[in-house]
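Here is the structure we will look at, set down as structure tokens.
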Amino acid sequence: MSSVKLEQVYKRYGNVTAVKDLSLEIRDREFMVLVGPSGCGKTTALRMIAGLEEITEGRVRIGEKVVNDIEPRDRDIAMVFQNYALYPHMSVYENMAFGLKLRKMSKAEIEKRVGEAAAQLGITEYLKRKPRELSGGQRQRVALGRAIVREPQVFLMDEPLSNLDAKLRVQTRAELIKLHRRLGITTIYVTHDQVEAMTMGDRMAVMKDGVLQQCDTPMEVYHHPANIFVAGFIGTPSMNFVKAVVADSLDGDLIIDAGSFHFDILESEKKALAEWKGKNVVLGIRPADIYDKNLRNPVDAGPRNTLTAFVDVVEPMGDLCTAYLKIGDVDIVAMLDGATGAKSGEKLQVVVDVSRSHLFDPETEKAIY
């Protein structure tokens, strides 16, 4: 297996820069997810690693070797595409064996590799079928099998689950995680789905407009987003953002004043926020950190973190309930326990876990804490 390193990589199409100054190291045996909205440059970065796109500037290394000028077939990588790219006239066995035949491997070695990969993926019984005789999930596993039999240094996966229905995506996602654990092959996985990024990656690299925004473990990115974009992109429903000011309270202490409500500043953050006194900030509150006061909650309710909200819309989803609230002139989304008594058109007291709130600089959009 091998690590993959991108060193100040650029990709330009005329006057358009699709990837800008991308430096990123994918460790040996790591499952790295490149995530971001459509057009953020994640697939372009993947294709440069594969050799399918020419690098305008910078270097890509696989292991210790710079591969900028090495042909895709000689990079010892295997790629799984969104559309599977199976040969319709070939059987499953022939699709999986095709690349090995091109490498002139012996028939015995081909049978061994195809048989082992088919067993791992649970598709042994389909080896004689044609792709048209398979379901979407089965075709996806054939595409994975075709990559596995090559025993590459690196797997590159470009939104391989996007054509599957919701239930099958969850099942196949789990299969991919287990497969990576068994094989231990360095994997780079591209997706626009932040749920896939959160659940699958050892680390995730969040991109926007061709620029890397943050790279860390999924939980670190979730709990400590580097900027407003990352905070809003990671998490469902999206983080609430409220314009606020760092101000003095009546007793002379620092508070975060959002107009319709205010919060005390945590003791651990007072020193860092002293220079922000009188300045505008953006307050970030995740919907999951807002609770119905009438239920048993992990957060103690007090006068400083209890708010009275008008319930605009309620979306019950079984164990959870999404509530669209209005607190003064501020719109807030809350992810409440399914047992909530929240009803549209009525008032509800909610408790906010202030210790999990975030502050951002409104000009640079970078996190203050």
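Numbers for the structure displayed
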| read-out | value |
| --- | --- |
| Selection within region 13-30 - free of Cβ contacts under 8 Å to residues at least 40 places away in the same chain and either out of contact with any strand residue (DSSP E or B) (no Cβ under 7 Å at 6 or more places or on another chain) or over 20 Å from Gln153 (Cα atoms) (or both) | Tyr13, Gly14, Asn15, Val16 |
| Residue within region 88-97 that is within 19 Å of Leu183 (Cβ to Cβ), part of a loop (DSSP other than H, G, I, E, B) and open to solvent by less than 70 Å² (accessible area, probe 1.4 Å) present | no |
| Hits in region 39-57 (condition: touching a Lys or Arg at 6+ places or on another chain (Cβ under 9 Å) and in a loop (DSSP other than H, G, I, E, B)) | Cys40, Gly41, Gly51, Glu53, Glu54, Ile55, Thr56 |
| Enumeration of residues in region 58-85 that are within 13 Å of Gly99 (Cβ to Cβ) and either in a strand (DSSP E or B) or free of Cβ contacts under 8 Å to residues at least 60 places away in the same chain (or both) | Pro72, Arg73, Ile77, Ala78, Met79, Val80, Ala85 |
| Test set (1) surrounded by 23 or more Cβ atoms within 10 Å (Cβ to Cβ); (2) over 15 Å from the mean Cα position of the chain (by Cα) - Lys178 fails condition number | (1) |
| Those residues of region 33-78 which are farther than 28 Å from Ile234 by Cβ and under 23 Å from the mean Cα position of the chain (by Cα), in sequence order | Ala78 |
| Qualifying strands (runs of 3 or more DSSP E) (wholly inside region 253-369; at least 1 residues being surrounded by fewer than 19 Cβ atoms within 10 Å (Cβ to Cβ) and at negative phi) | 254-257, 262-264, 280-285, 306-317, 320-327, 330-337, 347-352 |
| Residue in region 299-309 that is among the small types (Gly, Ala, Ser), farther than 26 Å from Ser249 by Cβ and at pLDDT 95 or above present | no |
| Conditions (1) in a loop (DSSP other than H, G, I, E, B); (2) within 30 Å of Gly39 (Cβ to Cβ); (3) open to solvent by 30 Å² or more (accessible area, probe 1.4 Å); number of the one not met by Arg129 | (2) |
| Count - residues of region 235-285 that are among the aromatic types (Phe, Trp, Tyr) and within 26 Å of the chain's Cα centre (by Cα) | 1 |
| Odd one out for Lys11, checked against (1) charged (D, E, K, R); (2) buried (at least 22 other Cβ atoms within 10 Å of the Cβ); (3) under 22 Å from the mean Cα position of the chain (by Cα) | (3) |
| Test for Leu161: is it modelled with pLDDT under 90 and open to solvent by 10 Å² or more (accessible area, probe 1.4 Å) | no |
| Cβ pairs under 6 Å, 6+ apart, first in region 188-208 and touching a residue at least 60 places away in the same chain (Cβ under 8 Å), second among the basic types (Lys, Arg) | Val190/Lys42; Met207/Lys42 |
| Residues of region 1-38 that turn out to be at positive phi, of a type in the set (Lys, Arg) and part of a strand (DSSP E or B), as a count | 0 |
| Residues being part of a loop (DSSP other than H, G, I, E, B) and either among the basic types (Lys, Arg) or in contact with a His (Cβ under 6 Å, 6 or more places away or on another chain) (or both) - total across region 132-168 | 1 |
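Listed here are the residues, each with its yes/no results for (1) of a type in the set (Ser, Thr, Tyr); (2) assigned to a helix (DSSP H, G or I); (3) open to solvent by 20 Å² or more (accessible area, probe 1.4 Å).
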{"site": "Val170", "(1), (2), (3)": "no, yes, yes"}
{"site": "Glu196", "(1), (2), (3)": "no, yes, no"}
{"site": "Thr199", "(1), (2), (3)": "yes, yes, yes"}
{"site": "Ala205", "(1), (2), (3)": "no, no, no"}
{"site": "Gln213", "(1), (2), (3)": "no, no, yes"}
{"site": "Val221", "(1), (2), (3)": "no, yes, no"}
{"site": "Val245", "(1), (2), (3)": "no, no, yes"}
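The values are calculated or read from the model by the stated rules, or taken from the named source; none is laboratory data. Everything numeric in this text was worked out from a predicted model, so none of it was measured. Glycine also receives a Cβ, built like all others from the backbone with ideal geometry; neighbour counts cover every protein chain displayed. Surface accessibility is based on the protein's heavy atoms, side chains included, excluding ligands, DNA and RNA. Shrake-Rupley method; radii C 1.70, N 1.55, O 1.52, S 1.80 Å.
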